[in-house]
Amino acid sequence: MIIGITIITVSILVNQITKETFSKNNPGLDAVVGAKGSPLQLILSSIHHIDIPTGNISYQNAKKIIKHPAIKSAIPISLGDNFQNFRIVGTNKNFLKLYKANLNSGTEWSKPMQAVIGHNVSKVTNLNINKFFVGSHGLIDTGDVHAEQPYKVVGVLNKTGTILDNLILTSLDSVWNLHSDVNKGKLEITSLLLKYKNKTSAFSFPRLINKGTNMQAASPSFEISKLLKLTSNAHKIIDYLSVLIILLSLVGVFFTLLNNINERRYDLAILRTLGFSRLKLFSIILSEGMIISIVGSTLGLIFGYLIYESMHYFSIVGRSIELGQLNFLNDLFLIWITVNIIAFITCLVPCIKVYKQNIRTTLLNS
Amino acid sequence: MLKCENISFDIDGHNLFSNINLNLKNQKDLLITGPSGIGKTTLLSILCGLQKPTSGSIIYNDIDLYNLAENEVDNFRGNNLGVVFQNFNLINSFTVKQNLEIASNAIGTKSSDQYFNLLDRVGLADKSHIKVANLSIGEKQRLAVARAFVGEPQWIFCDEPTSSLDDKNANIIANLIKEESSRCKASLILITHDSRIQTLINFSKILRLGEEL
């Protein structure tokens, strides 16, 4: 029972938190334009900072998109480096406005190689105002660092509960400075985060980009809903498996109680002769079964939550997706109460057997 | 007062006994005797509320036992009757003390002094933590007696308490039962076919099953 409840608890927590996190991380963006490749990969890498980017696009081409009459706002981002696995994002100051981020201390960047860091970055790395750090090549910490050009922290952001907490923000120039030898003066960015002036552009604009350029435009809501549909099927399979484990454990409780009662029927009959009423024995046996069920299901919830908490901890340190806060106690309570109601019904059968026991016959047969 | 009116009991269509009537005043002792198989133990079960008679009524101080609901019969037994069964009916996996504690729990009283005094009187004070399974027959008999007196019941029923014991032990057990029932001011109803018992306890009434009453 503990295993079943643990699995279903983790499944529910992860499922709900994933949905919540994906929703929180997207501050109303309509599209992301980037290099051709998997649209889902483009969304995950540019908004949720999970996957690797599909490639780079020319900044010159990006500027044409920024000026397109259908576009209300466009924020360029450029990825490439990290500090202790926290991604360094080259962008402009509109990125902060997009997430309605406020500075906890310091200021925004005003020149290259200055950085504003998210809440979790500061917490985990102990970076603070006026401290310096050097970025590592790539999006995972490999130790291959840009030692010659360190960043200076000029600002620390308040907690937003979004992916911003796990990012290091700097100007596009900073990223271009570090990678100028690679780009040979040809400026590139990873992607553009777009909002349309009119929602009807959601149909025409991606077609324009996808067919008319060597770039692609992907819709965050469409791609994420496709992903969630896929993962929800996996969650369903895990949930069915958990339900099966829970049911098997309840059958186990049932037969354990029944077996105990058969073994102890003589002792139970003795208790009746001493003055224990049938009702009292009924409640004792029921309590035994319910204690197993309540302790098992509660431990399952606790273990599930601990596993979730471990995942939460590792997500801050090593991964970009933050699992958010526990605010779906209703679902877990519903499972807990359902399991215990089923356990209660299951326990009634052996209890009724005890209730109907004929003391004299039992004592004589023993 | 224990009053039995026209108690009859049939088993598998066969009449085991019929029309048993008796009146036993409080603190008076009754011996029920008769040959084996005559229904002495069945009568004890009926008197204790463990077996409903085919007809008739058992009245304890104006309470008609079989007019009570089954849960109330259990409660009445626990609070007012003490029973020493022929095969003791002790819980073998429990210790000596635990057997007394569980009897005490049944009626909702708890007193470790009482357990100690009881065990002391039956000579088992130094064996309170030994499991019943490891006791001798004589010790089990003494424990069964001690358990019957937990809660100081008004009526004590003993089923063949001495029949499997030698003269010395039979004497000890009979004296113990008599002393404890006097101390509790309880009526003793003793069932036996052991003829030695009448020389050990002075009964105010004798009911001979299978003979003319």
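Determine which single condition residue B:93 fails, assuming it passes every other condition in (1) part of a loop (DSSP other than H, G, I, E, B); (2) modelled with pLDDT under 90.
The number of the failed condition is (2).
Would you mind telling me which numbered condition in (1) hydrophobic (A, V, I, L, M, F, W, C); (2) surrounded by 19 or more Cβ atoms within 10 Å (Cβ to Cβ); (3) in a helix (DSSP H, G or I); (4) in the same structural domain as residue A:193 (by TED's automatic domain parsing) residue A:13 fails?
(4)
Taking residue A:46, is it part of a helix (DSSP H, G or I) and assigned by TED's automatic domain parsing to the domain that holds residue A:197?
Numbers: part of a helix (DSSP H, G or I): yes; assigned by TED's automatic domain parsing to the domain that holds residue A:197: yes.
Here the answer is yes, as residue A:46 does meet what is asked.
Quick check on my filter: what residues within the stretch A:340-366 are within 43 Å of the chain's Cα centre (by Cα) and β-branched (Val, Ile, Thr)?
A:341, A:342, A:345, A:346, A:349
Please give the number of the condition residue B:56 fails out of (1) more than 17 Å from the chain's Cα centre (by Cα); (2) within 11 Å of another protein chain (Cβ to nearest Cβ).
Single failed check for residue B:56: (2).
Does residue B:156 satisfy the criteria of being among the β-branched types (Val, Ile, Thr), within 13 Å of another protein chain (Cβ to nearest Cβ) and either within 27 Å of residue A:277 (Cα to Cα) or in contact with a Phe, Trp or Tyr (Cβ under 8 Å, 6 or more places away or on another chain) (or both)?
no
Output the residue which, of all residues in the stretch A:259-304 that are under 48 Å from the mean Cα position of the chain (by Cα) and more than 16 Å from residue A:347 (Cα to Cα), is surrounded by the most Cβ atoms within 10 Å (Cβ to Cβ).
By that ranking, first place goes to A:300.
Might you check whether a residue that is in a helix (DSSP H, G or I), buried (at least 23 other Cβ atoms within 10 Å of the Cβ) and β-branched (Val, Ile, Thr) occurs anywhere in the stretch B:175-182?
Narrowing the stretch B:175-182 to residues in a helix (DSSP H, G or I): B:175-182.
Filter once more, keeping what is buried (at least 23 other Cβ atoms within 10 Å of the Cβ): B:177, B:181.
With the extra rule that they be β-branched (Val, Ile, Thr), the set shrinks to B:177.
Checking the stretch B:175-182: at least one residue is in a helix (DSSP H, G or I), buried (at least 23 other Cβ atoms within 10 Å of the Cβ) and β-branched (Val, Ile, Thr).
Report the residue count in the stretch B:101-135 for those that are under 30 Å from residue B:39 (Cα atoms) and away from every other protein chain (no Cβ under 14 Å).
2
Hey, any hits in the stretch A:305-320 for a residue that's in a helix (DSSP H, G or I), in contact with a helix residue (DSSP H, G or I) (Cβ under 8 Å, 6 or more places away or on another chain) and modelled with pLDDT of 85 or more?
Pass one, the stretch A:305-320, residues in a helix (DSSP H, G or I): A:305-318.
Filter once more, so that each one left must be in contact with a helix residue (DSSP H, G or I) (Cβ under 8 Å, 6 or more places away or on another chain): A:305, A:307-308, A:311, A:316-317.
Next, only the ones that are modelled with pLDDT of 85 or more stay: A:307.
Checking the stretch A:305-320: at least one residue is in a helix (DSSP H, G or I), in contact with a helix residue (DSSP H, G or I) (Cβ under 8 Å, 6 or more places away or on another chain) and modelled with pLDDT of 85 or more.
For the stretch A:259-280, enumerate the residues that are of a type outside the set (Lys, Arg) and either in contact with a strand residue (DSSP E or B) (Cβ under 6 Å, 6 or more places away or on another chain) or facing chain B (nearest Cβ under 9 Å) (or both). Write out each step before concluding.
Filtering the stretch A:259-280 down to residues of a type outside the set (Lys, Arg) leaves A:259-263, A:266-271, A:273-277, A:279.
Within the stretch A:259-280, A:266, A:267, A:269, A:270, A:271, A:273, A:274, A:275, A:276, A:277, A:279 meet the criteria.
Inspect all residues belonging to the stretch B:70-83 and state whether any of them is assigned to a loop (DSSP other than H, G, I, E, B) and out of contact with any Phe, Trp or Tyr (no Cβ under 6 Å at 6 or more places or on another chain).
First pass over the stretch B:70-83, keeping only residues assigned to a loop (DSSP other than H, G, I, E, B): none.
No, every residue in the stretch B:70-83 fails to be assigned to a loop (DSSP other than H, G, I, E, B) and out of contact with any Phe, Trp or Tyr (no Cβ under 6 Å at 6 or more places or on another chain).
Report, ordered by the first and then the second residue, all pairs with beta carbons closer than 7 Å, sequence separation of six or more or different chains, a first member in the stretch B:122-145 that is assigned to a loop (DSSP other than H, G, I, E, B), and a second member that is of a type in the set (Val, Ile, Thr).
Between residues of the stretch B:122-145 that are assigned to a loop (DSSP other than H, G, I, E, B) and residues that are of a type in the set (Val, Ile, Thr), the close pairs are B:122/B:145; B:124/B:96; B:128/B:95; B:128/B:96; B:129/B:95; B:130/B:95; B:130/B:96.
With respect to residue A:131, is the statement that it is surrounded by fewer than 21 Cβ atoms within 10 Å (Cβ to Cβ), in contact with an Asp or Glu (Cβ under 7 Å, 6 or more places away or on another chain), touching a residue at least 12 places away in the same chain (Cβ under 8 Å) and not small (Gly, Ala, Ser) true? First the steps, then the outcome.
Values: surrounded by fewer than 21 Cβ atoms within 10 Å (Cβ to Cβ): yes; in contact with an Asp or Glu (Cβ under 7 Å, 6 or more places away or on another chain): no; touching a residue at least 12 places away in the same chain (Cβ under 8 Å): yes; not small (Gly, Ala, Ser): yes.
Against the criterion (surrounded by fewer than 21 Cβ atoms within 10 Å (Cβ to Cβ), in contact with an Asp or Glu (Cβ under 7 Å, 6 or more places away or on another chain), touching a residue at least 12 places away in the same chain (Cβ under 8 Å) and not small (Gly, Ala, Ser)), residue A:131 does not qualify.
For the stretch B:70-100, which residues satisfy the criterion of being away from chain A (no Cβ under 11 Å) and surrounded by fewer than 21 Cβ atoms within 10 Å (Cβ to Cβ)?
Across the stretch B:70-100, the qualifying residues are B:95, B:97, B:98.
The values are calculated or read from the model by the stated rules, or taken from the named source; none is laboratory data. Given the structure is predicted, the values throughout are model-derived calculations rather than measurements. Neighbour counts run over all protein chains shown; Cβ positions are idealised from the backbone, glycine included.
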